[in-house]
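Asks: Below is the structure I would like to discuss, written out as structure tokens.
The values are calculated or read from the model by the stated rules, or taken from the named source; none is laboratory data. Since we're looking at a predicted model, the values are computed, not measured. Note that each Cβ is placed from the backbone with ideal geometry, even for glycine, and that neighbours are counted across all protein chains shown. The protein model used for the area step is the full one, side chains on, heavy atoms only, and it has no ligands, DNA or RNA in it. Shrake-Rupley method; radii C 1.70, N 1.55, O 1.52, S 1.80 Å.
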Protein chains: 2
Amino acid sequence: MDYVIRTAKEQDMVDVLGLIRELAIFEKEPDAVEITVEELVNEGFRDNPLFHCFIAEVADEIVGIALVYYRFSTWKGRSIHLEDLIVKESMRGTGLGSALYAEVLKYAQSKGVRRVEWVVLDWNTHAIDFYEKTGAKLLKNWHLVQMDKEGVNKFVSKL
Amino acid sequence: MDYVIRTAKEQDMVDVLGLIRELAIFEKEPDAVEITVEELVNEGFRDNPLFHCFIAEVADEIVGIALVYYRFSTWKGRSIHLEDLIVKESMRGTGLGSALYAEVLKYAQSKGVRRVEWVVLDWNTHAIDFYEKTGAKLLKNWHLVQMDKEGVNKFVSKL
């Protein structure tokens, strides 16, 4: 299959949001996506972009994305976080996911960071097997903790 | 106890690294800290700082830090990550940790982000209880995945 992997442009963000929504459905959280195309454009394509997005294209259609950004580990310094790696459902199993994944790791190498990190749902054994086969390590003894805007407002109002 | 919470300055980074090392010992990974004072200064106090650090001071001694940075959630947009909240061992239980935590959440509110996120070790029940009491939510169904520089180089060399 012929495909192109390239860096995303501003005008791709409509399609990118479509894929983000598709992943949220796969992850059983269809209503969790609050972001808009405007925010994607503002955060990714203005001064000091907050993220970098790779696109997989087949016959001029955007069929996959990998979105990364910098984090700061107090142990390892500047690191790269892989936020999303999404391939359109009809295109899964074609090697596009692996190609995007390889692109991210080449990017990490070019940036010289000491760590690349991401998260995976514990029931997504297909992805876990893939990651482990590529040499990534699963850390099972950490829990994510989140507080949403409502929670923050509630907490701060009581201070 | 009298304390001051303030934003860290460049010259605080020596003491900050000392506290980072102390946390790594507490988390049973004393050798994991590869970062240097120079990197902390370069990443936090030059153009486009990658992180923001709060300091807790008692009698002019730095006894605690909270270090945060922006992340980019494809569901929630710009979010804040609490990388480290450290209080010197001899000063634990004095309320300094809560004060730093509150400072981080006030900061998050002032930035208008939709989410604050962090991680906690599953055996650190004291911290987990505290977080849950403040309204934060523990997500137990995600695993962290990491690939270090060596792993990245090895993977890329085989492409």
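Asks: Across the range B:1-24, which residue is farthest from B:Lys149 (Cα to Cα) among those that are open to solvent by 50 Å² or more (accessible area, probe 1.4 Å) and aliphatic (A, V, I, L, M)?
Replies: B:Met1
Asks: Filter the range B:98-113 for residues that are under 30 Å from A:Leu19 (Cα atoms) and in a helix (DSSP H, G or I); which is most open to solvent (accessible area, probe 1.4 Å)?
Replies: If we filter the range B:98-113 for residues that are under 30 Å from A:Leu19 (Cα atoms), which is where we start, we get B:108-109, B:111-113.
Then drop every residue that is not in a helix (DSSP H, G or I), which leaves B:108-109, B:111.
Working: B:Ala108: 2, B:Gln109: 78, B:Lys111: 98 Å².
Of everything passing the filter in the range B:98-113, B:Lys111 is most open to solvent (accessible area, probe 1.4 Å).
Asks: Do we have B:Ile80 as open to solvent by less than 10 Å² (accessible area, probe 1.4 Å) and closer than 25 Å to B:Ala127 by Cα here?
Replies: When the stated conditions are applied, B:Ile80 passes them.
Asks: Could you check, for the range B:133-144, whether at least one of its residues is modelled with pLDDT of 95 or more, over 17 Å from A:Val119 (Cβ atoms) and more than 9 Å from every other protein chain (Cβ to nearest Cβ)?
Replies: Yes: the range B:133-144 contains one or more residues that are modelled with pLDDT of 95 or more, over 17 Å from A:Val119 (Cβ atoms) and more than 9 Å from every other protein chain (Cβ to nearest Cβ).
Asks: Further question on the same structure: Looking at the range B:93-116, is at least one residue of a type in the set (D, E, K, R), at pLDDT 95 or above and over 26 Å from A:Ala32 (Cβ atoms)?
Replies: yes
Asks: If a residue must be more than 18 Å from the chain's Cα centre (by Cα) and part of a strand (DSSP E or B), how many such residues does the range B:74-92 contain?
Replies: We begin by selecting, within the range B:74-92, every residue more than 18 Å from the chain's Cα centre (by Cα); these are B:74-77, B:90.
Subset that is part of a strand (DSSP E or B): B:77.
Qualifying residue count, the range B:74-92: 1.
Asks: Pairs only if they're at least six apart or on different chains, beta carbon under 9 angstrom, first in the range A:60-77 and facing another protein chain (nearest Cβ under 7 Å) and on the phi > 0 side of the Ramachandran plot, second part of a strand (DSSP E or B) and not aromatic (Phe, Trp, Tyr); list them, first residue then second.
Replies: Between residues of the range A:60-77 that are facing another protein chain (nearest Cβ under 7 Å) and on the phi > 0 side of the Ramachandran plot and residues that are part of a strand (DSSP E or B) and not aromatic (Phe, Trp, Tyr), the close pairs are A:Gly77/A:Arg115.
Asks: Given the criteria over 28 Å from A:Tyr69 (Cα atoms) and loosely packed, with under 15 Cβ neighbours inside 10 Å, does B:Gly95 qualify? Quick ask: steps written out before the conclusion?
Replies: On the way: over 28 Å from A:Tyr69 (Cα atoms): yes; loosely packed, with under 15 Cβ neighbours inside 10 Å: yes.
Taking the combined requirement at face value, the residue satisfies it.
Asks: Continuing with the same structure: With the requirement that a residue be more than 8 Å from chain B (Cβ to nearest Cβ) and open to solvent by less than 50 Å² (accessible area, probe 1.4 Å), what does the range A:25-36 give you?
Replies: Passing the criteria: only A:Glu27.
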